[in-house]
1. Can you tell me which residues in the stretch 57-88 are assigned to a strand (DSSP E or B) and free of Cβ contacts under 8 Å to residues at least 24 places away in the same chain?
2. Please tell me if Ala13 is assigned to a helix (DSSP H, G or I) and either modelled with pLDDT under 95 or loosely packed, with under 11 Cβ neighbours inside 10 Å (or both).
3. Do you know which residues across the stretch 61-83 are touching an Asp or Glu at 6+ places or on another chain (Cβ under 8 Å) and either open to solvent by less than 40 Å² (accessible area, probe 1.4 Å) or not hydrophobic (A, V, I, L, M, F, W, C) (or both)?
4. Of the residues Val97, Val91, Val45, which single one is in a strand (DSSP E or B) and of a type outside the set (Phe, Trp, Tyr)?
5. Of the numbered conditions (1) of a type in the set (A, V, I, L, M); (2) open to solvent by 60 Å² or more (accessible area, probe 1.4 Å); (3) in contact (Cβ under 8 Å) with a residue 24 or more places away in the chain; (4) in a helix (DSSP H, G or I), Leu102 satisfies every one except a single condition; which is it?
Amino acid sequence: MKQGFGKTRWIAAATVLAALTACGGTPTRESTGEYIDDTAITARVKAKLATDAKASAREVNVETFKGRVQLSGFASTVEERRHAAAVARTVKGVTEVVNDILIK
(Lines give C-alpha, C1' and ligand atoms only; values in the text may rest on other atoms or scores of the structure.)
Protein backbone atom coordinates (compact mmCIF):
# COMPACT_ATOMS: atom_id res chain seq x y z
CA MET A 1 0.00 0.00 0.00
CA LYS A 2 2.78 2.45 0.82
CA GLN A 3 4.20 2.09 -2.66
CA GLY A 4 0.82 2.98 -4.26
CA PHE A 5 0.49 6.04 -2.04
CA GLY A 6 3.92 7.26 -3.19
CA LYS A 7 2.97 6.79 -6.82
CA THR A 8 -0.23 8.81 -6.29
CA ARG A 9 1.76 11.64 -4.69
CA TRP A 10 4.19 11.68 -7.58
CA ILE A 11 1.37 11.84 -10.15
CA ALA A 12 -0.36 14.61 -8.19
CA ALA A 13 2.88 16.60 -7.95
CA ALA A 14 3.55 16.17 -11.67
CA THR A 15 0.00 17.31 -12.49
CA VAL A 16 0.33 20.43 -10.33
CA LEU A 17 3.74 21.23 -11.85
CA ALA A 18 2.34 20.86 -15.37
CA ALA A 19 -0.60 23.13 -14.55
CA LEU A 20 1.67 25.80 -13.07
CA THR A 21 4.03 25.64 -16.02
CA ALA A 22 1.13 26.11 -18.44
CA CYS A 23 0.11 29.31 -16.62
CA GLY A 24 3.61 30.80 -16.68
CA GLY A 25 4.63 33.48 -19.11
CA THR A 26 7.42 33.48 -21.65
CA PRO A 27 8.98 36.38 -23.57
CA THR A 28 6.42 35.87 -26.34
CA ARG A 29 3.43 34.66 -24.28
CA GLU A 30 1.69 36.21 -21.30
CA SER A 31 0.99 34.35 -18.10
CA THR A 32 -2.62 34.24 -16.94
CA GLY A 33 -1.97 37.04 -14.45
CA GLU A 34 -0.24 39.20 -17.06
CA TYR A 35 -3.13 38.68 -19.47
CA ILE A 36 -5.60 39.86 -16.83
CA ASP A 37 -3.39 42.84 -15.96
CA ASP A 38 -2.98 43.80 -19.62
CA THR A 39 -6.72 43.56 -20.23
CA ALA A 40 -7.28 45.96 -17.33
CA ILE A 41 -4.58 48.35 -18.60
CA THR A 42 -6.15 48.36 -22.08
CA ALA A 43 -9.56 49.15 -20.59
CA ARG A 44 -8.14 51.99 -18.46
CA VAL A 45 -6.28 53.53 -21.41
CA LYS A 46 -9.39 53.35 -23.61
CA ALA A 47 -11.51 54.91 -20.86
CA LYS A 48 -9.03 57.77 -20.36
CA LEU A 49 -8.86 58.43 -24.10
CA ALA A 50 -12.66 58.34 -24.37
CA THR A 51 -13.09 60.96 -21.64
CA ASP A 52 -10.29 63.23 -22.85
CA ALA A 53 -11.45 66.16 -24.97
CA LYS A 54 -8.16 66.42 -26.90
CA ALA A 55 -7.92 62.74 -27.85
CA SER A 56 -9.82 61.24 -30.76
CA ALA A 57 -10.55 57.94 -29.04
CA ARG A 58 -12.95 56.69 -31.70
CA GLU A 59 -10.07 56.29 -34.13
CA VAL A 60 -7.38 54.98 -31.74
CA ASN A 61 -6.87 51.28 -31.11
CA VAL A 62 -5.16 50.11 -27.93
CA GLU A 63 -3.34 46.82 -27.42
CA THR A 64 -1.29 45.84 -24.37
CA PHE A 65 1.33 43.12 -23.96
CA LYS A 66 3.19 42.80 -20.65
CA GLY A 67 2.51 46.45 -19.77
CA ARG A 68 3.64 47.73 -23.17
CA VAL A 69 0.80 49.70 -24.77
CA GLN A 70 0.60 50.04 -28.53
CA LEU A 71 -1.56 52.80 -29.96
CA SER A 72 -2.64 52.62 -33.59
CA GLY A 73 -5.24 54.26 -35.76
CA PHE A 74 -5.62 57.84 -36.89
CA ALA A 75 -5.37 61.38 -35.52
CA SER A 76 -6.10 64.70 -37.17
CA THR A 77 -2.96 66.47 -35.96
CA VAL A 78 0.51 65.71 -34.64
CA GLU A 79 -0.50 67.29 -31.33
CA GLU A 80 -3.51 64.95 -31.05
CA ARG A 81 -1.19 61.98 -31.72
CA ARG A 82 1.28 63.12 -29.04
CA HIS A 83 -1.50 63.81 -26.57
CA ALA A 84 -2.95 60.31 -26.94
CA ALA A 85 0.46 58.83 -26.06
CA ALA A 86 0.84 61.20 -23.11
CA VAL A 87 -2.58 60.15 -21.79
CA ALA A 88 -1.67 56.45 -22.14
CA ARG A 89 1.58 56.99 -20.19
CA THR A 90 -0.39 58.26 -17.17
CA VAL A 91 -2.26 54.97 -16.74
CA LYS A 92 -1.12 52.79 -13.86
CA GLY A 93 0.68 49.65 -15.06
CA VAL A 94 1.86 51.09 -18.38
CA THR A 95 5.59 50.47 -18.74
CA GLU A 96 6.02 51.72 -22.30
CA VAL A 97 3.93 53.34 -25.04
CA VAL A 98 4.49 52.62 -28.71
CA ASN A 99 2.72 55.30 -30.71
CA ASP A 100 1.82 54.00 -34.17
CA ILE A 101 -1.01 56.51 -34.69
CA LEU A 102 -1.00 57.94 -38.21
CA ILE A 103 -1.95 61.51 -39.17
CA LYS A 104 -4.83 61.60 -41.64
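1. Initially, the stretch 57-88 is screened for residues assigned to a strand (DSSP E or B), giving 60-65, 68-75.
Correct list: Asn61, Glu63.
2. Working: assigned to a helix (DSSP H, G or I): yes; either modelled with pLDDT under 95 or loosely packed, with under 11 Cβ neighbours inside 10 Å (or both): yes.
For Ala13, the condition - assigned to a helix (DSSP H, G or I) and either modelled with pLDDT under 95 or loosely packed, with under 11 Cβ neighbours inside 10 Å (or both) - is met.
3. Filtering the stretch 61-83 for residues touching an Asp or Glu at 6+ places or on another chain (Cβ under 8 Å) gives 64-75, 83.
Scanning the stretch 61-83 gives Thr64, Lys66, Gly67, Arg68, Val69, Gln70, Leu71, Ser72, Gly73, Ala75, His83.
4. On the way: Val91 fails: in a strand (DSSP E or B); Val45 fails: in a strand (DSSP E or B).
Going through Val97, Val91, Val45 in turn, the sole match is Val97.
5. Here Leu102 clears every test but (4).
The values are calculated or read from the model by the stated rules, or taken from the named source; none is laboratory data. For clarity, every value in this text was computed on a predicted model and none was experimentally measured. We place every Cβ from the backbone using ideal geometry, glycine too, and count neighbours over all the protein chains shown. Side chains included, ligands, DNA and RNA excluded: accessible areas come from the protein's heavy atoms. Shrake-Rupley method; radii C 1.70, N 1.55, O 1.52, S 1.80 Å.
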